[in-house]
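Written below as structure tokens is the structure these notes are about.
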Amino acid sequence: MKINKKLVAILAFTIALLPTPVLANAGTPLMWTGFGHLFIGNAVIGTIEGLLLSRLFNTPRSKSVNVLVLANYASAWLGMVLILDRLSHISTITIENVYVWLWLFVGIAFILTLFIEYPFFWFLLRKQQKAVQKALKATLLIHGISYLLLFGWYGLNSQTSLLTQLDVVSAEQLQPSKDYRLYFITSDGKQVVQSNLDGKNQESIKDVIATDRNDRLSICKNEEEKFDLVVNAKVILSDLASLASIPEPPERYNCVPYPFGAVPKLTENTNWDYETFVWAAGGIMGYNEPEKLRFGFALETPFVFWNVSNATHLDGDFIVFQLGNNQVCILQPHEKRIALIARGRSPVVVKPKQSD
């Protein structure tokens with residue numbers, strides 16, 4: 001039987017486009033791509049693989065399709081459990097080395113698929129001569145073809161601009177002209193640390209218990225109309241800064257910090273407005289209305305998705321923010337450069353009070 005190439009192409013193209021028309025508040029394209037793969041795409045890919053196996057290795061068409069559809073569901077669901085978003089939770093992986101790890105996990109995913117689905121191919125070829133070798137050959141050949149579909153499917157709906165459009169440099173190369181002070185919670189949630197924006201001269205200023213990912217540093221106005229550095233309703237530093245040395249707008253300092261949304265400004269010399277989003281696919285976006293300019297950088301793939309949170313807009317249009325769970329980064333979007341300052345959470349940036 002001849003494979004209906006047009007039907008296969010239409011099916012694959014249709015599935016690839018399914019996740020595209022998604023509202024921002026209803027998930028992300030990649031999320032719906034994953035759902036489409038798990039519940040519908042496996043049937044399409046299994047059908048394609050079954051038809052290919054029947055055509056190239058003379059196996060019963062109907063049986064091949066049924067068995068390989070089952071194989072695809074098995075490998076996809078097991079793969080989801082084993083490797084989905086796995087890189088986001090490995091402490092040694094940062095913006096500085098994640099690119100290599102992404103490609104490594106693409107290879108791991110391919111090998112895992114071969115390992116899981118090989119017995120299904122062998123079952124279909126077991127009555128033929130040299131069934132073991134032939135099943136291995138069929139598994140490699142047919143998955144080499146079907147993975148091109150999956151690679152395109154996920155690639156079209158992943159967000160990688162944070163890696164592909166930015167150069168990763170040292171923090172020393174990304175420093176605003178004005179002086180700032182950085183505060184953040186250590187990755188283990190046991191200390192609040194202050195440092196320069198290059199990550200140097202780190203100094204522990206308070207032992208805390210802030211191990212929950214939702215525990216955040218915040219600047220709060222006290223009864224004396226002064227501003228304190230607070231975590232979990234406990235004052236870390238009193239009279240941290242004056243009104244002129246904290247990010248605008250001042251009405252946000254009500255001790256209910258929200259890590260996403262419009263980015264507060266600690267500079268007056270800019271036409272840019274920045275915004276961050278809950279979903280990793282939103283990343284960080286910038287808008288310059290007078291000049292009709294905009295940008296967006298994000299990282300969301302099947303193996304790692306890091307959102308951008310707790311951002312502060314600094315002089316020179318620099319941005320300091322938390323990337324993922326425990327990276328404090330600095331970005332200069334117009335120069336397309338990013339750097340890792342320190343490992344930690346919930347960064348807060350202020351101007352030193354003595355410079356007001």
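Of note:
Conditions (1) modelled with pLDDT of 85 or more; (2) touching a strand residue (DSSP E or B) at 6+ places or on another chain (Cβ under 6 Å); (3) not in a strand (DSSP E or B), marked per residue:
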| position | (1), (2), (3) |
| --- | --- |
| 220 | no, yes, no |
| 225 | no, no, yes |
| 229 | yes, yes, no |
| 235 | yes, yes, no |
| 239 | no, no, no |
| 244 | no, no, yes |
| 251 | no, no, yes |
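- Search result, residues across the range 93-131 that are of a type in the set (Val, Ile, Thr) and under 30 Å from residue 63 (Cα atoms): 106, 108, 111, 113, 116
- Residue match in the range 28-38 (condition: part of a helix (DSSP H, G or I), at pLDDT 90 or above, out of contact with any strand residue (DSSP E or B) (no Cβ under 6 Å at 6 or more places or on another chain) and among the β-branched types (Val, Ile, Thr)): no
- A single member of 113, 164, 160, 139 is touching a His at 6+ places or on another chain (Cβ under 7 Å) and of a type in the set (S, T, N, Q), and it is 113.
- Scanning the range 75-105 for residues being surrounded by fewer than 16 Cβ atoms within 10 Å (Cβ to Cβ) and farther than 21 Å from residue 325 by Cβ gives a total of 3.
- Some residue of the range 277-286 being in contact with a Pro (Cβ under 7 Å, 6 or more places away or on another chain), touching a residue at least 60 places away in the same chain (Cβ under 8 Å), assigned to a strand (DSSP E or B) and not assigned by TED's automatic domain parsing to the domain that holds residue 110: no
- Qualifying residue in the range 66-76 (condition: under 19 Å from residue 304 (Cβ atoms) and at pLDDT below 95): yes
- Residue match in the range 148-162 (condition: in a strand (DSSP E or B), closer than 21 Å to residue 313 by Cα and not small (Gly, Ala, Ser)): no
- So residue 146, is it of a type in the set (Ser, Thr, Tyr), over 25 Å from residue 108 (Cα atoms) and either surrounded by fewer than 13 Cβ atoms within 10 Å (Cβ to Cβ) or assigned by TED's automatic domain parsing to the domain that holds residue 75 (or both): no
- Some residue of the range 315-324 being in a loop (DSSP other than H, G, I, E, B) and either under 21 Å from the mean Cα position of the chain (by Cα) or at pLDDT 95 or above (or both): yes
- Apart from one condition, residue 164 fits all of (1) at pLDDT below 90; (2) closer than 24 Å to residue 302 by Cβ; the exception is (1).
- Residues of the range 173-205 satisfying the condition of being of a type outside the set (S, T, N, Q), in contact with a strand residue (DSSP E or B) (Cβ under 6 Å, 6 or more places away or on another chain) and crowded, with 17+ Cβ neighbours inside 10 Å: 174, 180, 181, 182, 183, 184, 185, 192, 193, 197, 199
- Qualifying residue in the range 333-348 (condition: more than 18 Å from residue 99 (Cα to Cα), modelled with pLDDT of 95 or more and among the acidic types (Asp, Glu)): yes
- Of all residues in the range 55-96 being touching a strand residue (DSSP E or B) at 6+ places or on another chain (Cβ under 9 Å) and part of a loop (DSSP other than H, G, I, E, B), the one that is nearest to residue 124 (Cα to Cα): 85
- Scanning the range 308-339 for residues that are on the phi > 0 side of the Ramachandran plot and surrounded by fewer than 24 Cβ atoms within 10 Å (Cβ to Cβ) yields 316, 317, 324, 336.
The values are calculated or read from the model by the stated rules, or taken from the named source; none is laboratory data. If you're wondering where the values come from, they're calculated on a predicted model, not measured in any experiment. Using ideal geometry, Cβ is built from the backbone for each residue, glycine included, and neighbour counts are taken over all protein chains shown.
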